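Asks: Can you read through this structure? Questions will come right after.
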Amino acid sequence: MSFAVIGAGNTGQAIAGYLSLHGEEVKLYSRDSQKAELISRKGLNLKGVYSGRVSIKVSADLEDVIEKAEFIIISTTSFGHRPVFNQLKPLLKNNQTIAIFPGYWGAIECKEILGDTFESKNITIAETSAMPFVSIADHNGSVSINKVKKNILISTIPNSAHTPISKKFLKTFPQLTTTKNVFETSINNTNVVIHTPIALFNASRIDSSEEFQFYSQGASPKTVSYIEKLDEERLRIAALLEVETQDILTLLNDFYETDYPSLYKALSGLFPVGKGPASFDHRYFTEDIPYGLVPISELGKLAGVKTPYTDAIINTASLLLNKDFRKEGVNFEGLTMEKVHALGGVVKST
């Protein structure tokens with residue numbers, strides 16, 4: 001098998017290193033030509049769950065990276081999805097698979113951008129509900145993989161050939177579990193429900209660049225209670241879309257094979273160390289709100305479900321940061337129940 005990994009951040013380097021360490025042919029794409037040259041020259045040093053030094057070809061030439069790839073893994077930030085999909089469109093070859101780690105509704109966005117190319121070149125578009133690893137790269141040729149998540153969902157957009165995700169791909173990532181549609185993968189993204197309340201309720205700390213532990217110090221009992229209210233809205237929308245999901249605590253326990261009795265204990269227990277953002281220019285705001293909470297709110301409107309806790313986060317963060325997160329994010333403009341059905345979903349009447 002041959003892989004192209006698009007995005008050389010924490011997740012991209014971890015995935016590329018993992019694949020190479022397991023004997024797969026892989027190329028890594030980075031917009032930063034200096035980073036590409038450095039990793040190509042020095043190799044990538046893996047630490048943590050997996051250890052070893054691997055040689056990886058890294059390039060700032062997207063066409064070179066994907067040209068012979070059977071699988072194209074997108075590991076950029078969610079606001080980087082649209083530019084990457086537009087760049088990929090004229091470069092894609094027949095029968096390639098695009099897998100977005102994690103989705104953040106990227107599969108739907110990718111299908112929209114590819115247009116006729118999706119069918120004419122028999123492209124498989126897949127997305128996951130979460131990143132496969134908890135990892136951090138030093139951007140100097142070393143990446144630490146601290147945890148491997150379990151029971152991560154993956155699904156594909158239906159096409160006329162009904163191409164499922166390859167069994168070879170699933171064997172390469174044994175933590176992946178197939179599910180029925182991409183509504184299920186994106187709605188099961190735990191990041192958006194957890195990150196945003198903690199970040200917003202610690203805005204003063206972030207604004208003053210105060211150093212604090214995000215979960216053990218930032219997630220107070222009241223904050224965790226708000227997270228649970230936010231999660232209840234996600235669960236109600238999931239039920240109307242006939243999306244299989246579980247509450248956030250159960251999802252976390254499944255990811256990490258733990259048995260925490262409460263979400264409050266789970267957050268501090270699973271993530272005892274981890275600094276909070278030092279500025280508002282952080283993915284907990286720039287990614288998790290427009291590409292996580294905004295779609296939940298918009299789906300709530302479509303399904304007739306009120307989402308006051310979700311809307312309050314979006315509106316307060318937009319006012320605080322002088323941004324229009326609804327305009328920036330995924331808003332499902334033009335989405336109808338017919339289109340939901342075409343994507344493999346169902347909307348039950350309220």
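Asks: Excluding same-chain pairs closer than 8 in sequence, count the lysine pairs in the stretch 189-343 whose Cα atoms lie under 16 Å apart.
Replies: Count of close lysine pairs: 4.
Asks: With all protein chains present, calculate the accessible area of L21 using a 1.4 Å probe and round the result to the nearest 10 Å².
Replies: Near enough 70 Å² of accessible area.
Asks: Once the Cα atoms of the chain are picked out, what are the Rg and Dmax in Å?
Replies: 19.5, 58
Asks: Then there's this: Give me the net charge of K68's neighbourhood, meaning all other residues with Cβ under 14 Å from the Cβ of K68; Lys, Arg count +1, Asp, Glu -1.
Replies: -4
Asks: Report the antiparallel proportion of the DSSP beta bridges in the stretch 1-140 as a percent, rounded to a multiple of 5.
Replies: In the stretch 1-140, approximately 15 percent of DSSP beta bridges are antiparallel ones.
Asks: Here is a further query. Quick one: check the C-alpha center-to-center distance for the stretch 116-168 versus the stretch 262-304, whole angstrom.
Replies: Value for the Cα centre distance between the two parts: 20 Å.
Asks: Compute the length gained on full extension between L235 and R41: take 0.36 nm times their separation in residues and subtract their Cα-Cα distance, giving the result in nm to one decimal.
Replies: Taking 0.36 nm per residue and subtracting the Cα distance, the gain is 65.1 nm.
Asks: For E211 and K306 in the same chain, what is the full-extension length gain: residue separation times 0.36 nm, less their Cα-Cα distance, in nm?
Replies: Length difference between fully extended and current span is 30.6 nm.
Asks: Loop-only trypsin sites (Lys or Arg not before Pro) in the stretch 13-69, please: DSSP not H, G, I, E or B, and at most 15 other Cβ atoms within 10 Å.
Replies: R31, K68
Asks: D32 label point, 7 Å along Cα→Cβ, cut-off 15 Å on backbone N: hits in the stretch 124-160?
Replies: Hits in the stretch 124-160 for D32 at 15 Å: 136-144.
Asks: Springs between alpha-carbon atoms under 10 Å, Gaussian network over the chain: tell me which of N188, N322, N253 tops the mean-square fluctuations.
Replies: N322
Asks: Right, something else. Simple spin-label model, 7 Å along Cα-to-Cβ: N86 to K68 in nm?
Replies: About 3.1 nm separates the two model spin labels.
Asks: Relative contact order for the chain: what is it in percent, counting Cα pairs under 8 Å that are at least 6 residues apart?
Replies: It rounds to 14 percent for the chain.
Asks: Which residues does the label zone of N94 cover in the stretch 145-181, counting backbone N under 15 Å from a point 7 Å along Cα→Cβ?
Replies: Answer for the stretch 145-181: 161.
Asks: Here is a further query. Report the extension gain between S55 and K171 in nm, rounded to one decimal, defined as 0.36 nm multiplied by the number of residues separating them, less their alpha carbon distance.
Replies: Stretched fully, the S55-K171 segment lengthens by 39.5 nm.
The values are calculated or read from the model by the stated rules, or taken from the named source; none is laboratory data. Note that the structure is predicted; figures quoted are calculated from it, not measured. We place every Cβ from the backbone using ideal geometry, glycine too, and count neighbours over all the protein chains shown. Areas reflect the complete protein model, heavy atoms only, side chains present, ligands, DNA and RNA absent. Shrake-Rupley method; radii C 1.70, N 1.55, O 1.52, S 1.80 Å.
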